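The values are calculated or read from the model by the stated rules, or taken from the named source; none is laboratory data. Only a predicted model underlies this, so the values are computations on that prediction, with no experimental measurement involved. Cβ: placed from backbone, ideal geometry, glycine included. Neighbour counts: every protein chain shown. The area values use the complete protein model at the heavy-atom level, side chains included, leaving out ligands, DNA and RNA. Shrake-Rupley method; radii C 1.70, N 1.55, O 1.52, S 1.80 Å.
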Amino acid sequence: AEVRPLVSSLNRLFSLVNDQTQAQRRFVADAAHQLRTPLAGLQAQVEAWAQATRSMTPGELLSLRAEQVLRLRDATRRTSQLANQLLALSRADSVNTDGQPLQAIDLVELCETVLAAQLDAASTRHLDLGLDTAPALALGHAWLLRELLMNLVDNAVKYTPAGGHITVRCGRCAAPAASVWLEVEDDGPGIPPD
């Protein structure tokens, strides 16, 4: 009877350690799988570029270099973004957010920051990025909310047809007084119901 509480506590501790180990294994497997495709594409582009430059005239070489540099830039951006998303996922899995203090987050500033980060990608696709905000403060974990909004805007940029519109909005609800909202609207195809 005296040892039972100690045994229960140790079992809970071992269970937590096992869960963390499993989460880490899943993350490593997911990261390896997710990074394999963009890295293979990046490597193929570099090798194709190197092979093509051997038999070209200086004028052709200059034209090819400009095109290839843009492709490589886009591939490295996608790979970097994927790595950042995987790291955020790992951080979310490994950190107990319940134990962390909530922060006051200025949603207008968050929206502006995320749109600024997506401006080049949107311009390349001739997308109209809009911002419609009213002052709003939320309590939460800033890095999680930033990842959420970055992911939503990134998906909107990827899937909205060229020449389309993307608008990021935030504001306060009339009631209850402490409620705020955040929205990303685009004219992309949306997510199929199934």
Item checked: Qualifying residues in the stretch 166-190 (those that are closer than 19 Å to V108 by Cα, open to solvent by 80 Å² or more (accessible area, probe 1.4 Å) and not charged (D, E, K, R)) - the one nearest to the chain's Cα centre (by Cα) -> W181
Next item on the list: Write out, first by first residue and then by second, each pair whose Cβ atoms fall under 6 Å of each other, whose residues are 6+ apart or on separate chains, and whose first residue, in the stretch 10-32, is under 20 Å from L87 (Cα atoms) while the second is modelled with pLDDT under 80 and of a type outside the set (V, I, T).
Entry: A23/D93; F27/S90; A31/L86
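For (1) outside any helix (DSSP H, G or I); (2) at pLDDT 70 or above; (3) farther than 27 Å from A121 by Cα, each residue gets a yes or a no:
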| residue | (1), (2), (3) |
| --- | --- |
| F27 | no, yes, yes |
| Q34 | no, yes, no |
| T37 | no, yes, no |
| Q43 | no, yes, no |
| L62 | no, no, no |
| V69 | no, yes, no |
| A75 | no, yes, no |
| R78 | no, yes, no |
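Quick one: how many residues across the stretch 98-132 are among the polar types (S, T, N, Q) and either outside any helix (DSSP H, G or I) or touching a Cys at 6+ places or on another chain (Cβ under 7 Å) (or both)? Steps first, answer last, please.
First, pick out the residues of the stretch 98-132 that are among the polar types (S, T, N, Q): 100, 103, 113, 118, 123-124.
With either outside any helix (DSSP H, G or I) or touching a Cys at 6+ places or on another chain (Cβ under 7 Å) (or both) added as a condition, the list becomes 100, 103.
Of the residues in the stretch 98-132, 2 are among the polar types (S, T, N, Q) and either outside any helix (DSSP H, G or I) or touching a Cys at 6+ places or on another chain (Cβ under 7 Å) (or both).
Tell me yes or no: at least one residue of the stretch 139-155 is open to solvent by 70 Å² or more (accessible area, probe 1.4 Å) and in a loop (DSSP other than H, G, I, E, B).
Initially, the stretch 139-155 is screened for residues open to solvent by 70 Å² or more (accessible area, probe 1.4 Å), giving 139, 146, 148, 152.
Right, trim to in a loop (DSSP other than H, G, I, E, B) and you get none.
Checking the stretch 139-155: not a single residue is open to solvent by 70 Å² or more (accessible area, probe 1.4 Å) and in a loop (DSSP other than H, G, I, E, B).
Can you go through P135, P193 and tell me which one is modelled with pLDDT of 90 or more, open to solvent by 70 Å² or more (accessible area, probe 1.4 Å) and outside any strand (DSSP E or B)?
Values: P193 fails: modelled with pLDDT of 90 or more.
That would be P135, the only listed residue that is modelled with pLDDT of 90 or more, open to solvent by 70 Å² or more (accessible area, probe 1.4 Å) and outside any strand (DSSP E or B).
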